[in-house]
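Trainee: Attaching a single structure in structure tokens format; questions to follow.
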Amino acid sequence: MLRVGLTGGIGSGKSTVSALLRDHGAVVIDYDQLAREVVEPGAPALSAIAERFGPDVLAADGTLNRPALGSIVFTDEQARRDLEAITHPAIRELAHRREQETDAAVVVHDNPLLVEMGAHEHCDVVLVVDVPEDVQVQRLVNLRGMTEAEARARMAAQASRNDRAAVADHVIDNSGSEAELAGTVGGLWAQLTDS
Ligand code: ADP
């Protein structure tokens, strides 16, 4: 099994690349999905979060109150680290389980926080989708309905382009068209799978 790490800043086109790799036959482990699963009611991480941050981070129906938790961790660095110390190990464990459940030749770890979690170290190949920051902002504003300030705040909370590029085996430039991106990913797939 070839373990491929895939990451990129918000709005870079990571999800688009992930879908292309899936079309080529990869099994994709979506870490945004895992991050939601580990805090579902009944999950140990949710109890640990309620214990650390207090009952106000739970909604009346027992689910996680994301805005309440978000407002705590967005402004408090230590709180964010505490939250990650609860969720990241749970996410890693779930990813490992998902990987064991498949016999696919290529498994893609589609993880916006690949670098921040240090998860790139467990991958055979690291792909980083990259665009200049102004293109990132422009796509987030035009296609995702964010304001420019929101887009820049989200970007500032993530690893920098340089941090990601430093661990990349392949940087996928997505400043061209989606058709060009599909061509680049097709070429990479052939290279990775010797097909
Ligand atoms: P990410 O997962 O990195 O946040 P997405 O793959 O969702 O980014 O891409 C962000 C937005 O930009 C989406 O609406 C997507 O359709 C669009 N997009 C992706 N690549 C391109 C491209 N090369 N040209 C124009 N729009 C693109």
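Please treat every number below as a calculation from the coordinates, not as lab data. From a predicted model like this one, the values you see are computed outputs, not experimental measurements. With ideal geometry, Cβ positions are generated from the backbone for all residues, glycine too; neighbour counts draw on all protein chains shown.
Trainee: With a cut-off of 14 Å, note down the residues of region 37-79 whose backbone N falls inside the zone around a label point 7 Å from the Cα of Arg97 toward its beta carbon.
Mentor: So the set is 37-46.
Trainee: Hey, got the dipole for region 49-107? About the Cα centre, +1 on K and R Cβ, -1 on D and E Cβ, debye to the nearest 20?
Mentor: 80
Trainee: Could you calculate the contour length gain from Gln33 to Asp76, that is, 0.36 nm times the residue separation minus the distance between their Cα atoms, to one decimal place in nm?
Mentor: 13.0 nm
Trainee: Out of the DSSP beta bridges found with both residues in region 1-151, what percent are antiparallel (nearest 5)?
Mentor: Beta bridges within region 1-151, antiparallel portion: roughly 5 percent.
Trainee: When only DSSP loop residues count, what trypsin sites (Lys or Arg not before Pro) in region 88-166 have their Cβ near at most 12 other Cβ atoms within 10 Å?
Mentor: Here no loop site has a sparse enough neighbourhood.
Trainee: Next question, about the same structure. Could you work out [θ]222 nm for the chain from helices alone, using -39500 (n - 2.57) per DSSP H run of at least four and dividing by all its residues? Round to the nearest 500 deg cm²/dmol.
Mentor: About -17000 deg cm²/dmol.
Trainee: I've got another one for you. Once phi is turned into θ = phi - 60°, what whole-Hz ³J(HN,Hα) does the Karplus curve with 6.51, -1.76 and 1.60 give for every residue of region 132-138, x standing for Gly and Pro?
Mentor: x, 4, 5, 5, 3, 4, 4
Trainee: Please identify which residues in region 12-47 have an amide N closer than 19 Å to a label point set 7 Å out from the Cα of Val135, following the Cα→Cβ vector.
Mentor: Taking a point 7 Å out along Cα→Cβ of Val135, the residues of region 12-47 whose backbone N falls under 19 Å are 12-21.
Trainee: Sorting check: for 58-64, 45-51, which peptide has the highest mean count of neighbouring beta carbons within 10 Å, and how do the rest follow?
Mentor: Packing proxy ranking, top to bottom: 45-51, 58-64.
Trainee: Along region 141-158, what does the Karplus equation 6.51 cos²θ - 1.76 cosθ + 1.60 (θ = phi - 60°) give for ³J(HN,Hα), rounded to whole Hz, x for Gly and Pro?
Mentor: 6, 6, 10, 10, x, 7, 7, 4, 5, 4, 4, 5, 5, 4, 5, 5, 7, 9
Trainee: Let me ask something else. Could you derive backbone 3J(HN,Hα) for region 44-50 from the dihedral phi with the Karplus parameters 6.51, -1.76 and 1.60 (θ = phi - 60°), listing whole Hz in sequence and x where the residue is Gly or Pro?
Mentor: Listing the rounded values in order: x, 5, 5, 4, 5, 5, 5 Hz.
Trainee: Relative to the Cα centre, what is the charge dipole magnitude of the chain, using +1 at the beta carbon of each Lys and Arg, -1 at the beta carbon of each Asp and Glu, and rounding to the nearest 20 debye?
Mentor: So the dipole magnitude of the chain works out to roughly 220 debye.
Trainee: Could you list Thr87, Thr7, Thr75, Thr193 so that the one with the fewest beta carbons within 10 Å of its beta carbon is first and the one with the most is last?
Mentor: Result, fewest neighbours first: Thr75, Thr193, Thr87, Thr7.
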